[in-house]
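The values are calculated or read from the model by the stated rules, or taken from the named source; none is laboratory data. Keep in mind that this is a model prediction, so the values were computed, not measured. Cβ sites come from the backbone with ideal geometry, for glycine too, and all protein chains shown count toward neighbours. What goes into the accessible areas is simple: the full protein's heavy atoms, side chains included, and nothing from ligands, DNA or RNA. Shrake-Rupley method; radii C 1.70, N 1.55, O 1.52, S 1.80 Å.
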Amino acid sequence: MAELKRLSESRDLTRIERIGAHSHIRGLGLDSSLEARDASEGMVGQLPARRAAGLILQLIRQGKIAGRAVLLAGQPGTGKTALAMGIAKSLGAETPFASVAASELFSLDLSKTEALTQAFRRAIGVRIKEEAEIIEGEVVEISIDRPASASGAGGSSATPSGVVVAGKTGRLTLKTTDMETVYELGGKMIEALGKEKVQSGDVVALDKASGKVTKLGRSIGRSRDYDAVGPHTRTQGFLALFTGDTGEIRAEVREQIDTKVAEWREEGKADIVPGVLFIDEVHMLDIECFSFLNRALENAMAPILVIATNRGITSIRGTSYRSPHGIPPDFLDRLLIIMTQPYTEDDIRKILDIRCDEEDVEMSVDAKVLLTKIGVETSLRYAIHLITSAALACQKRKGKVVEMEDISRVYQLFLDVKRSTQYLMEYQSQYMFNEVPGEADGDDAMQP
């Protein structure tokens, strides 16, 4: 009983850890004609922006805009990162997706251009293909014939636990939905089975050419729907052109990798898959980074670049010039720009409903109305933060449903930006280094 309780607690902890700011996003919420549904796949509102993102998604899938760039621009809290996550979820595992915040590029370990280069190469995949004859099915029996010199007589043997041990020859009986087949085993395959600790009841996949054994799971008292033998092309997965944190990568190493990949492409063993690189807070990049991006996007293997910013007309970092979004005009000219708009009250209510379900919080109708009002008057992010806090306040009073009193309590405990600013303005003279114009008269005020 205690063991079951620990298992339940472990699962609950895992669920809590997986709930993130955008964990409710499942896609862009589009129908087959690329029209945005009002609320679908975790996405709410922003219909024009989602339709535009849907077109970009279609072009990415068709491979028609490699080396292009898209800008997601809008006020804070209008769903720019959610749009990028929706694109990533919609692309699935077939297209590489790398994400980085612009502030991460300013590191003591790597130069800015090296960090950008590594980010670009993480967003480029190599799909490796091979022809292989695969045997899949449920293991019914494994028998090993030992040499006479080793056991004194021929025969079958296995370890007491039923795990296969290496021998010279043997037989493997596999069962599928339609039939049961016996395969002769050589020493290499027997050794691979032993290494994977395959035993009766396991569901396995065997590569006849390489001798690789993959344990797929356990049978539940019956055979599964597996193909007995099926020569087919399978994708081994993506090989990133660069992964890992190993510091600066020498140009010679990259050239060797590129040469090898080019050979694989000529031999038909691999395809290049340009993916998507998402750079958030792009206004944090300086003029050198933007110059690098200008040149990098002209490369034949460049991924699709998606960038996001919440800045208006501001200075370009590293210069005294001002530009829309803090981005140089020549780079802006390369961008397809998608604008996001502030959420309506109805949108905020729907998003809060989704977040309550995602965080497994049961909330009364009146409490949701109050939380929606708070979201309209303050910000959506602040309202979302109050969900879990209100749930904890509800648990404190041993309640099961979050009520208005729980929302009011946490609203009083945690200030939003407006109330915090109002408090600072009221008590600014009591703080050090006050810079409010006309009020910096104290001894501790910072001089201009």
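Assorted remarks:
- Of residues in region 58-116 being basic (Lys, Arg) and either at pLDDT below 85 or more than 20 Å from the chain's Cα centre (by Cα) (or both), the one nearest to residue 331 (Cα to Cα): 68
- Residue list for region 408-421, filter: open to solvent by 20 Å² or more (accessible area, probe 1.4 Å) and not in a loop (DSSP other than H, G, I, E, B): 408, 409, 411, 412, 413, 417, 418, 419, 420, 421
- Candidates 405, 435, filtered to the one that is out of contact with any helix residue (DSSP H, G or I) (no Cβ under 7 Å at 6 or more places or on another chain), open to solvent by 90 Å² or more (accessible area, probe 1.4 Å) and in a loop (DSSP other than H, G, I, E, B): 435
- Qualifying positions in region 99-114 - within 21 Å of residue 73 (Cβ to Cβ) and either among the aliphatic types (A, V, I, L, M) or open to solvent by less than 50 Å² (accessible area, probe 1.4 Å) (or both): 100, 101, 102, 105
- Long-range neighbours under 7 Å by Cβ, at least six apart or interchain, first residue at negative phi within region 25-38, second of a type in the set (Lys, Arg) and buried (at least 21 other Cβ atoms within 10 Å of the Cβ): 28/50; 30/50; 36/50
- Matching residues, region 319-333, being free of Cβ contacts under 8 Å to residues at least 40 places away in the same chain, over 19 Å from residue 68 (Cα atoms) and touching a strand residue (DSSP E or B) at 6+ places or on another chain (Cβ under 9 Å): 319, 321, 322, 323, 324
- Filter result (more than 21 Å from residue 93 (Cβ to Cβ) and open to solvent by less than 10 Å² (accessible area, probe 1.4 Å)) within region 39-60: 44, 45, 49, 50
- The residues of region 286-301 that are under 15 Å from residue 330 (Cα atoms) and not in a helix (DSSP H, G or I), listed by number, are 286, 297, 298.
- For residue 384, the test of being at negative phi and in contact with a helix residue (DSSP H, G or I) (Cβ under 6 Å, 6 or more places away or on another chain) is passed.
- Residues being open to solvent by less than 90 Å² (accessible area, probe 1.4 Å), among the acidic types (Asp, Glu) and outside any loop (DSSP other than H, G, I, E, B) - total across region 182-209: 2
- Residue selected from region 272-303 under the condition in contact with a helix residue (DSSP H, G or I) (Cβ under 7 Å, 6 or more places away or on another chain) and among the charged types (D, E, K, R), by the criterion farthest from residue 59 (Cα to Cα): 288
- Selection within region 280-309: residues that are at pLDDT below 90 and small (Gly, Ala, Ser). The member of this set that is least open to solvent (accessible area, probe 1.4 Å) is 302.
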